[in-house]
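Worksheet for the structure shown next.
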Ligand code: F6P
């Protein structure tokens, strides 16, 4: 390979810039040319490229978001769109592509490879941690720290006013952010899509803890949880069926995707970028780099997309015991 392109696609996550920096610098280290693609697959289709060298990525390891910008491209889902993307890459003499994103972005990369035989390598970048083949996706750790910080702050006001707070966190269809941040933030209950507690049991549990002397409580609700239709209806139900608590809802939203990446995410991003470029140089394609047993490992993109992450049952049990 002589020239590698890198893009960020899908929802941004803290650590994407650190990963871009790592890809660019690993290319420079191996004397390979590197170009950045703006706005994910949209930019690939339009040929919106920028030559990058080791110095173009200075001062970004600590920055949230992505300097290359991100998009969810509809056109890349069409055969014509992918053909245009292929033509742009060929025109720019690019012969390898690193895609930093989530499962939607990997699906696109895989189809692209199957159609044109173009070498692709994935770096898992999403706060949701919903990708098989890595214990941590890029941005997950930072998002957890952001959520725990928010829970700590909400707890101050919850305990001043003897309130019960429902705090909604992101995670799409999975409860990894909720479960981990809930334990770290000392939540009373954690509601995740993987385990449906049921409204009655929730109220029973909250009543029990109230009787045991707790004057305020925090319940973490994963956005994908199905216990109520939505968090506001959940609040209404608890308001009607419980006495003694003043109930409030706080939806954390997109603040969970921003901010400076944690030390863990910066190191992970740096390792993933090196592994991605060096794997392409070894002739590997259609893989995703990931962290497994503290090592950088490759997982076929196909498995990464189709697999379902499992919730750690030990964490569930710890959370139950901690809310005693
Ligand atoms: O995948 C990251 C994520 O932030 C999810 O947690 C959330 O469900 C979704 O993206 C929100 O997407 P958007 O920013 O397009 O509203």
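Couple of notes before you dig in:
- Neighbours by Cβ (under 8 Å, 6+ apart or cross-chain): first from the range 168-190, farther than 21 Å from residue 13 by Cα; second part of a loop (DSSP other than H, G, I, E, B) and within 14 Å of the ligand (Cβ to nearest atom): 190/175
- For the range 24-56, a tally of residues being assigned to a helix (DSSP H, G or I) and either surrounded by fewer than 23 Cβ atoms within 10 Å (Cβ to Cβ) or modelled with pLDDT under 95 (or both) returns 8.
- Among all residues of the range 153-173, there is none that is in a helix (DSSP H, G or I) and within 18 Å of the chain's Cα centre (by Cα).
Residue-by-condition table, conditions (1) part of a helix (DSSP H, G or I); (2) in contact with a strand residue (DSSP E or B) (Cβ under 8 Å, 6 or more places away or on another chain); (3) closer than 30 Å to residue 190 by Cβ:
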position	(1), (2), (3)
259	no, no, yes
264	yes, no, yes
270	yes, no, no
277	yes, yes, no
284	no, yes, no
311	no, yes, yes
318	yes, no, yes
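- Output for the range 146-171, where each listed residue is surrounded by fewer than 18 Cβ atoms within 10 Å (Cβ to Cβ) and either more than 29 Å from residue 213 (Cα to Cα) or out of contact with any strand residue (DSSP E or B) (no Cβ under 9 Å at 6 or more places or on another chain) (or both): 148, 149, 152, 153, 156, 159, 160
- Residue in the range 263-275 that is under 30 Å from residue 164 (Cα atoms), modelled with pLDDT of 95 or more and either within 16 Å of the ligand (Cβ to nearest atom) or within 19 Å of the chain's Cα centre (by Cα) (or both) present: no
- Extreme residue, modelled with the lowest pLDDT, among residues of the range 225-244 that are surrounded by fewer than 19 Cβ atoms within 10 Å (Cβ to Cβ) and within 16 Å of the ligand (Cβ to nearest atom): 226
- Single residue of the range 215-233 satisfying the filter (part of a strand (DSSP E or B) and touching a helix residue (DSSP H, G or I) at 6+ places or on another chain (Cβ under 7 Å)) that is farthest from residue 176 (Cα to Cα): 217
- Of the residues in the range 54-67, at least one is within 16 Å of the ligand (Cβ to nearest atom) and touching a strand residue (DSSP E or B) at 6+ places or on another chain (Cβ under 7 Å).
- Single match in 286, 303 (criterion: surrounded by fewer than 14 Cβ atoms within 10 Å (Cβ to Cβ), more than 16 Å from the ligand (Cβ to nearest atom), more than 30 Å from residue 204 (Cα to Cα) and touching a residue at least 12 places away in the same chain (Cβ under 8 Å)): 303
- Number of the condition not met by residue 204 [criteria: (1) away from the ligand (no atom under 16 Å from the Cβ); (2) surrounded by 16 or more Cβ atoms within 10 Å (Cβ to Cβ); (3) not in a loop (DSSP other than H, G, I, E, B)]: (2)
- All conditions but one from (1) more than 17 Å from residue 192 (Cβ to Cβ); (2) at pLDDT 90 or above; (3) assigned to a helix (DSSP H, G or I); (4) away from the ligand (no atom under 16 Å from the Cβ) apply to residue 248; the one that does not is (3).
- Looking only at the range 2-23, and only at residues there that are touching a helix residue (DSSP H, G or I) at 6+ places or on another chain (Cβ under 7 Å) and closer than 18 Å to residue 85 by Cα, the one that is surrounded by the fewest Cβ atoms within 10 Å (Cβ to Cβ): 10
The values are calculated or read from the model by the stated rules, or taken from the named source; none is laboratory data. Keep in mind that this is a model prediction, so the values were computed, not measured. Every residue, glycine as well, gets a Cβ built from its backbone with ideal geometry; the counts of neighbours run over all protein chains shown.
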